[in-house]
Amino acid sequence: MSTIDLPFRATIEEACAWMTQQTGDAWTLTRLLEHELTPVVWLDYDAAYPELFGDANGGYAAPIFFKDDVARLAAGSEDILITYTKDAYKLPARLPEPGFRRPLDQLRFQKKDLERLVGQLKQEAQHKPQPAAKESESGISKDEVLLAFSSIVRLDLARALDDATGIFGDDGARVKASARKSKRNAVWNPVTLALGLHDVYRAPLGALKRAFKSHDFLQAWQGNWEESLRLLGK
């Protein structure tokens, strides 16, 4: 697909097409407005409103930012109604009632605003935390449990996992029904398991914290573990 050349002031169609190409998501006028982009419409010079145009005798691009005017556009209006804008000197200006109407196809979005929004969205995507593994869908294997936690607790952890009673069973840390066909298929939620080892078997919290930082297979659970500790005041 060829790259869309974004003009200095883009129509609704051009802006949406460019945003779609940049983000991979579908864009509409409503979505652009929801992201607080300020559209503009070109006002040709009108001698009836000298205070609005000043020295801009060719006209200027008037911004549409008044909440009622924006809400009307976002709701699917068939035309543009501007009741409040800024004059050619960028000072706030209330327009004579009932305001200025223009065809919807005269609405424009400025290139710099669209580029700034794309940059913001990409930055947010880079810093968006990865979702923690879902307890009902995944866990860690018996071998991984032993590798991470067996040296921390004073009990035969391998046997406890095989017996699957208490915190090690389906009502505790073991992911429900993961061992339905074979014990070999069983997996455990490491966060629930670690909290149970601490509460029931007095496993040192410091050692459990180090375990989550030391093993690659626990990395996906790190955020959930830290959030659980925060909620528990630990």
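The values are calculated or read from the model by the stated rules, or taken from the named source; none is laboratory data. Please read these numbers as outputs of a predicted model, since none were measured by experiment. Please note: Cβ atoms are built from the backbone with ideal geometry, for glycine as well, and neighbour counts cover all protein chains shown. The protein model used for the area step is the full one, side chains on, heavy atoms only, and it has no ligands, DNA or RNA in it. Shrake-Rupley method; radii C 1.70, N 1.55, O 1.52, S 1.80 Å.
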Open item on the list: Can you tell me which of (1) open to solvent by 40 Å² or more (accessible area, probe 1.4 Å); (2) closer than 23 Å to residue 228 by Cα; (3) assigned to a loop (DSSP other than H, G, I, E, B) is the one residue 155 doesn't meet?
Closed with: (2)
TODO: Of the numbered conditions (1) free of Cβ contacts under 8 Å to residues at least 40 places away in the same chain; (2) outside any loop (DSSP other than H, G, I, E, B); (3) among the small types (Gly, Ala, Ser), residue 88 fails exactly one; give the number of that condition.
DONE: (2)
Open item on the list: If I filter region 180-203 down to residues being open to solvent by less than 30 Å² (accessible area, probe 1.4 Å), touching a strand residue (DSSP E or B) at 6+ places or on another chain (Cβ under 9 Å) and assigned to a loop (DSSP other than H, G, I, E, B), which single residue comes out as modelled with the lowest pLDDT?
Closed with: 186
Open item on the list: For region 1-28, give me the residue count where each residue is without any contact (Cβ under 8 Å) to a residue 60 or more places away in the chain, of a type outside the set (Asp, Glu) and part of a helix (DSSP H, G or I).
Closed with: 4
Open item on the list: Please determine whether any residue of region 30-38 is among the hydrophobic types (A, V, I, L, M, F, W, C), assigned to a loop (DSSP other than H, G, I, E, B) and under 22 Å from residue 120 (Cβ atoms).
Closed with: yes
Task: Failed item, numbered, when residue 150 is tested on (1) polar (S, T, N, Q); (2) farther than 16 Å from residue 139 by Cα; (3) under 33 Å from the mean Cα position of the chain (by Cα) - done: (3)
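A quick yes/no check of all residues on (1) open to solvent by 60 Å² or more (accessible area, probe 1.4 Å); (2) touching a residue at least 24 places away in the same chain (Cβ under 8 Å):
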position: 34; (1), (2): yes, yes
position: 38; (1), (2): no, yes
position: 43; (1), (2): no, yes
position: 47; (1), (2): yes, no
position: 54; (1), (2): no, yes
position: 64; (1), (2): no, yes
position: 68; (1), (2): yes, no
position: 77; (1), (2): no, yes
- [ ] Report, by residue number, each residue of region 17-46 that is under 12 Å from residue 111 (Cα atoms) and more than 18 Å from the chain's Cα centre (by Cα).
- [x] 18, 38, 39, 40
Open item on the list: I'm trying to understand the selection: among the residues of region 185-230, which are of a type in the set (Phe, Trp, Tyr) and under 20 Å from residue 160 (Cα atoms)?
Closed with: 188, 201
